[in-house]
Amino acid sequence: MSIKKLLDVSLEAGREIFDVYEKDIEVETKEDDSPLTQADQRSHQAIMNGLQTAYSDIPVLSEEGTDIPYEERKDWTQFFLVDPLDGTKEFIKKNGEFTVNIALIEGKYPTLGVIYAPVLDTFYFGREGVGAFKLEDASKKDIVNDEALVSASIRLPEVDDADVINVVASRSHMSAETEEFIEELLCGNYEVDVVTAGSSLKFCLVAEGKADYYPRYAPTMEWDTGAGQAIVEAAGGKVIRHEDNERFYYNRENLRNGWFLVENRDV
């Protein structure tokens with residue numbers, strides 16, 4: 001599996017998103033009341049075209065794709081899990097904090113994940129057994145293969161501040177339970193800073209070492225977390241289910257995630 005190929009696909013999706021981003025954004029509403037833009041759909045199409053051309057034998061489960069019944073996907077041994085535009089609310093606000101997410105799920109777990117932030121022009125990637133990396137100015141680099149991609153990138157984590165605990169919280173969603181988690185750290189006499197970010201950039205902050213914890217005690221879907229989990233785990237972190245402290249897994253019958261905690265340190 002070529003990460004360079006996933007970089008190419010992500011950059012193409014980013015170009016489609018940018019074309020819409022620079023215009024007046026028209027917003028539709030999906031059945032679950034979440035927003036949908038032309039950028040979501042154009043990015044989805046670019047990713048589907050790219051993945052199906054390069055890896056026609058690997059099925060794709062995308063937020064904007066058709067609803068694939070559990071009976072059909074329960075026997076998949078591997079598949080791509082895609083969010084063509086994670087952070088649609090951030091996209092509509094035009095604050096730049098939205099991403100393209102692609103994960104490879106093998107069995108029940110992500111083994112490879114890429115996240116591209118078009119406005120930041122930063123490409124994060126992580127692969128089981130290889131590590132996690134960040135490529136800045138991604139669209140401007142001349143990358144010919146995976147080896148060149150790794151060489152041009154920064155290995156993660158790149159920050160280690162043991163004196164302060166950084167907790168990353170959602171730009172758009174801060175639940176009471178998240179506030180309680182922060183309060184518990186404060187009661188433990190730790191110095192705590194709260195860092196806010198939109199979309200899967202929260203996972204990236206943990207992978208970079210700029211945040212120690214990302215508690216998510218609010219609803220998400222599988223495509224929101226697959227790529228981020230792969231990158232965090234490749235950087236040495238964990239994504240843990242709230243209800244049983246087990247590793248987060250995928251391709252469940254109900255694609256809605258339960259609560260979870262992303263961490264890269266123990267206190």
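Kindly indicate whether any position in region 191-198 is open to solvent by less than 10 Å² (accessible area, probe 1.4 Å), closer than 21 Å to residue 103 by Cα and modelled with pLDDT of 75 or more. Yes, region 191-198 contains a residue that is open to solvent by less than 10 Å² (accessible area, probe 1.4 Å), closer than 21 Å to residue 103 by Cα and modelled with pLDDT of 75 or more. For region 11-64, the set of residues classified as at pLDDT below 70 and either among the acidic types (Asp, Glu) or under 19 Å from the mean Cα position of the chain (by Cα) (or both) consists of 24, 26, 28, 31, 32, 33, 34, 35, 36, listed by residue number. Just one of the listed residues (255, 186) is in contact (Cβ under 8 Å) with a residue 12 or more places away in the chain and not β-branched (Val, Ile, Thr), namely 255.
Looking only at region 82-119, count every residue that is acidic (Asp, Glu) and open to solvent by less than 20 Å² (accessible area, probe 1.4 Å) and tell me the total.
Going residue by residue through region 82-119, those that are acidic (Asp, Glu) are 83, 86, 90, 97, 106.
From the residues that got through so far, the ones that are open to solvent by less than 20 Å² (accessible area, probe 1.4 Å) too are 83, 86, 90.
Looking only at that region, the number is 3.
Could you list, in sequence order, the residues of region 220-267 that are surrounded by fewer than 18 Cβ atoms within 10 Å (Cβ to Cβ) and at positive phi? Residues satisfying the conditions are 236, 245.
Of all residues in region 97-139, those that are more than 16 Å from residue 1 (Cβ to Cβ) and not in a strand (DSSP E or B) total 11.
Across region 199-226, the qualifying residues are those that are touching a helix residue (DSSP H, G or I) at 6+ places or on another chain (Cβ under 8 Å) and among the hydrophobic types (A, V, I, L, M, F, W, C), and the one among them that is modelled with the lowest pLDDT is 218.
Of all residues in region 216-267, those satisfying the criterion of being among the aliphatic types (A, V, I, L, M), under 25 Å from residue 64 (Cβ atoms) and not in a helix (DSSP H, G or I) are 218, 221, 239, 255, 262. If you go through region 123-155 and keep only what is buried (at least 19 other Cβ atoms within 10 Å of the Cβ) and not basic (Lys, Arg), you end up with 123, 124, 125, 126, 132, 133, 135, 138, 143, 149, 153. Return yes when residue 168 is of a type in the set (Val, Ile, Thr), touching a strand residue (DSSP E or B) at 6+ places or on another chain (Cβ under 8 Å), touching a residue at least 40 places away in the same chain (Cβ under 8 Å) and over 17 Å from residue 116 (Cβ atoms) and no when it is not. It is true that residue 168 is of a type in the set (Val, Ile, Thr), touching a strand residue (DSSP E or B) at 6+ places or on another chain (Cβ under 8 Å), touching a residue at least 40 places away in the same chain (Cβ under 8 Å) and over 17 Å from residue 116 (Cβ atoms). Hey, among the residues in region 163-185 that are part of a loop (DSSP other than H, G, I, E, B) and open to solvent by 70 Å² or more (accessible area, probe 1.4 Å), which one's modelled with the highest pLDDT? In this case the residue turns out to be 163. With respect to being over 16 Å from the mean Cα position of the chain (by Cα), part of a strand (DSSP E or B), charged (D, E, K, R) and more than 19 Å from residue 127 (Cβ to Cβ), residue 193 fits the description.
The values are calculated or read from the model by the stated rules, or taken from the named source; none is laboratory data. Since this is a predicted model, take the numbers as computed values, not measurements. Because the Cβ atoms are built from the backbone with ideal geometry, glycine has one as well, and the counts that use them run over all protein chains shown. For the accessible areas, the whole protein counts, side chains as well, though only heavy atoms, and no ligand, DNA or RNA atoms are used. Shrake-Rupley method; radii C 1.70, N 1.55, O 1.52, S 1.80 Å.
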